[in-house]
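Have a look at the structure below before the remarks.
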Amino acid sequence: MWFGGDYNPEQWGEKVWAADDALMRQAGVNTATVGVFSWSVLEPDEGRYDFGWLDATLDRLWHNGVRVVLATPTASPPPWFTLAHPDAMPVTRDGTRLWHGSRDTYCAAAPAYRAAAARIAGALAERYAGHPAVAMWHVHNEYGTVCWCDHAAAAFRGWLQRRYGEGRYGKGLDGTGRDGLAALNEAWGTAFWSQRYSSWEQVLPPRATQWLPNPSQVLDYSRFWSDEMLAGFCEQRDAIRRHTPEVPVTTNFILAHYQVADFWSWSREVDVVAIDHYLGSAGPDGHADLAFGADRARSWNGGRPWVLMEQSTSLIYRRDRILIKEPGRMLRDSVGYLARGSDSVMFFQWRASHSGAEMFHPAMVPHAGPDTRIFREVCELGDAVSRLGEVAGSTVPADVAMFWDADSWWALENRGIPLAEVRYLDLVRADHAALWRAGVVCDFVHPLGELSRYRLVFATAAYLISDEGAQALLDYVEGGGHVVMSFGGGMVDARHHARLGGYPGPLRDVFGIRVEEFRPLPPGETVPLAGDGLAGDGLADDGLAGGGVAGGGVAGGGHGTVWSELLRCEGAEVLASYAEGPLAGHPAITRNSFGAGTAWYVSTQLDEDTRDRLVAAAAAEAGAGPVVAGAPPGVEIVRRHGDAGRSWLFVLNHSGAAAVVEASGVDLLSGRSADGQLEVAPGGVAVLREHGFGAAADGTGPAGRD
Ligand code: GLA
């Protein structure tokens, strides 16, 4: 298990370096990410390198037992770069060119930037090839800066020509072999508002426009920009691999509230997925948010262990507020990431900076020094992580998955569509949180991924479904899969064209419905729901509703917000209807048998309680349950599986009361044994090496230090 964080010795003198060495030993740090923003000190002038301090750092860390995740510094080009290549500075959507003085100031499509980035990456790899400290490469930092300049425009045209076919010999997206520009015109619907292009030169990024931009153009630009940044990553990766083919290469994905990269395609190019995760909420919702981030990272990495590259020790800076992590939270959060498949616990950063834009960002060693609550907790965490070495490499099985689809996110957040106020992230988070509350572990899956691995799939916020995606979902349900689709599903195809004949387009038969009309609900407005026609069909036995389905069913007392739909059942049964308003008496939630499977459709955003009941019902019907049944509220339980049948049960008590859970094994953290029942203190955690699996089930105490 890797434990440590970003380490920036270039911000400090040698006296502090010696103190760092001692404190890292004290805290049990075994990993440091070095060089993330060091370009201006590594290459003070173009082509002139100063590796002295980095040589010393790597040697020092190595002798101190600390492995290095060596970063390329390309997220922050030095000032000399701006003056030498002003054309490589980014331009905003409305044409403002940005200048150095912050970070991430470059255009990822500018040839001069790309060449300089690949050059410094190659120079670093050449210099440190064979250095025993270098355990992993960390290319760049949190790719995400978007640009709308002329370099970006030229690269966009190239990307479009490849996508839609090159002139009259190309096949185009529709495979007809028509001219690529004609295919582009069709895909972007340019007959609307006189946007037809008669030459490639006319095609631009979606820069600031007078009124609503073309949604297909905007979607393609998002796809293109993800690919363009990825191409830059691959250039650096390949420059590195030429010198150190044996060292894995990654980059730290940023899990922000905006989406600028398709992490499925990025995950195919990195050797291991690494994420930075800063909670969206410090309260109870933060626990579900943590699981949401971790479950995505694991899924992008194909279920294999992944890297938590950054988290925060004590404060989280959001755009509009500062969140505070309470004492004890650092350990519980960190064990939460490990529970869901991370093999590392890393922070931004080791030592709090004394100057610069982020000097008040928390760190493992705060401004006040090591004699502090934070550093003491860091040391306790280091000790805990060192006891969990045997868990490394194990995996987290899941029976349930949820769609994660950058295309749908990008399409859904276009201005001008009726769902523009609906945030992709909020919808997916809400369904994932319901599963989290139910204790059900959830993977994420691309709509074209391996759906058949799962008993139940949530097609949440699946506003865009390609023809291939629709076919894959149809095959999945026909073959016995269970799916829950949320409102607005399948409204558009991959070109961002509306589906004709009723939504969800090609999936109408699967769901046995036809959505005729949508009716967004004004902010704050709710529409009551009522169970309808479900009496005696057995759903009540699944524990859906205290009063039985006939007395309210899935939706008894519940309501919808945000959105409603006039939908017609064409084979589906009605589980709940709208109880009032213009849609009174019309179906709100339906279920359909299709082939050997079941397809649920939810036409509004359900309140939390109703969503919980629906999620529990769908999971129960699909045969997917919690990791441990009957866990007290606020107790999170996840199991990791190792080879030879070994398993570890992670129990996180987020509640304020002691919790008792049915479990047997040895707690690697405390050394205590549990035989049938495990008690976990309020706010506490336990990691049980479970009895009955593999060796050392004899209660002999914690594992040796890793
Ligand atoms: C990101 C960056 C770090 C730092 C932190 C602060 O994760 O990678 O460099 O800015 O945010 O929250």
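The values are calculated or read from the model by the stated rules, or taken from the named source; none is laboratory data. As the structure is a prediction and not an experimental result, all values here were calculated from the model. Reconstructed Cβ throughout: ideal geometry from the backbone, glycine too, with neighbour counts over all protein chains shown. All accessible areas refer to the heavy atoms of the entire protein, side chains included, with ligands and DNA or RNA removed. Shrake-Rupley method; radii C 1.70, N 1.55, O 1.52, S 1.80 Å.
Please work out, to two decimal places, the log10 of the ratio I(q)/I(0) at q = 0.28 Å⁻¹ from a Debye calculation in which every Cα of the stretch 209-255 carries one identical scatterer.
-1.01
Quick one: go through the stretch 392-409 and flag any residue whose amide nitrogen is under 17 Å from the point 7 Å out along the Cα-to-Cβ line of Glu450.
Within reach of a label on Glu450, which here means backbone N under 17 Å from a point 7 Å along Cα→Cβ, the stretch 392-409 contributes 394-404.
In the chain, what percentage of the DSSP-assigned beta bridges are antiparallel, given to the nearest 5? Walk me through the numbers before you get to the answer.
Details: 54 of 97 bridges.
Antiparallel bridges: around 55 percent, rounded to the nearest 5.
For the chain, with all protein chains present and a 1.4 Å probe, just round the carbon and sulfur fraction of the accessible area to a whole percent. Please list the in-between numbers first.
Working: 13670 of 26600 Å².
The computed percentage sits at 51.
Skip the ligands, DNA and RNA, and give the accessible area per residue of the stretch 414-529 with a 1.4 Å probe, whole Å².
Values: 4310 Å² over 116 residues.
Per-residue value: 37 Å².
In a shell of Cβ-Cβ distance under 15 Å around Ala631, excluding Ala631 itself, what net charge do Lys and Arg (+1) and Asp and Glu (-1) give? Before the final figure, lay out each step's value.
Working: positive: Arg437, Arg639; negative: Asp612, Glu636, Glu662, Glu679.
Taking every other residue near Ala631 into account, the sum is -2.
Return a whole-number percent for the relative contact order of the chain, with Cα pairs under 8 Å and 6 or more residues apart as the contact set.
On the way: 1556 pairs, mean separation 68.3, N = 706.
So the answer I get is 10 percent.
How many nm separate the modelled label positions at Thr96 and Glu679, each set 7 Å beyond the Cα in the direction of the Cβ?
Distance between the two pseudo-spin positions: 6.0 nm.
Report, in cubic angstrom per residue, the convex hull volume of the C-alpha atoms of the chain. Can you show the working numbers first?
Values: hull volume 117.8 nm³, N = 706.
With only Cα atoms used, the chain gives 167 Å³ per residue.
If you wrap a convex hull around the C-alpha atoms of the stretch 28-135 and split its volume per residue, what is the figure in Å³? Spell out each step's value before the answer.
Working: hull volume 11.8 nm³, N = 108.
Measuring per residue, one finds 109 Å³ for the Cα hull of the stretch 28-135.
Among 94-106, 284-296, how do they line up by average Cβ neighbours within 10 Å per residue, starting with the highest?
Result, highest mean first: 284-296, 94-106.
Suppose the Debye formula is applied to equal point scatterers at every Cα of the stretch 352-463; what is log10 I(q)/I(0) at q = 0.10 Å⁻¹?
Normalising to I(0) and taking log10 leaves -0.58.
Compute the FRET efficiency between Ala657 and Asp371 as 1/(1 + (r/R0)^6), taking r as their Cβ-Cβ distance and R0 = 22 Å, and round to the nearest 0.05.
On the way: r = 32 Å, r/R0 = 1.47.
Using R0 = 22 Å, I get an efficiency of 0.10.
Considering only the other residues whose Cβ falls under 13 Å of the Cβ of Trp148, what net charge follows from Lys and Arg at +1 and Asp and Glu at -1?
Numbers: positive: Arg93, Arg97, Arg207; negative: Asp94, Asp150, Glu228.
Net charge around Trp148: 0.
According to a simple spin-label model (label point 7 Å from Cα along Cα-to-Cβ), what is the distance in nm between Trp53 and Gln210?
5.3 nm
Under 4.7 Å Cβ to Cβ, no partner at all: give me those cysteines from the chain, in residue order.
Cys149, Cys234, Cys379, Cys442, Cys569
Please name whichever of Asn414, Gly47, Leu160 sits farthest to the positive end of the charge dipole of the chain, dipole taken about the Cα centre and charges placed at Cβ: Lys and Arg +1, Asp and Glu -1.
Positive-most Cα among the choices belongs to Gly47.
Quickly work out the Gln26-to-Glu14 label distance, labels modelled 7 Å from Cα along the C-beta direction, and quote it in nm with one decimal.
Label-label distance for Glu14 and Gln26, simple model: 2.3 nm.
With the cut-off at 27 Å, report for the stretch 256-402 the share of all Cα pairs above it, as a whole percent. Don't skip to the end; give the middle numbers.
On the way: 2500 of 10731 pairs.
Tail fraction, whole percent: 23.
Between Trp200 and Glu580, what length comes free when the chain is fully extended (0.36 nm per residue of separation minus the Cα-Cα distance, one decimal in nm)? Walk me through the numbers on the way to the answer.
Numbers: separation 380, 0.36 × 380 = 136.80 nm, distance 5.24 nm.
Gain on extension, Trp200 to Glu580, equals 131.6 nm.
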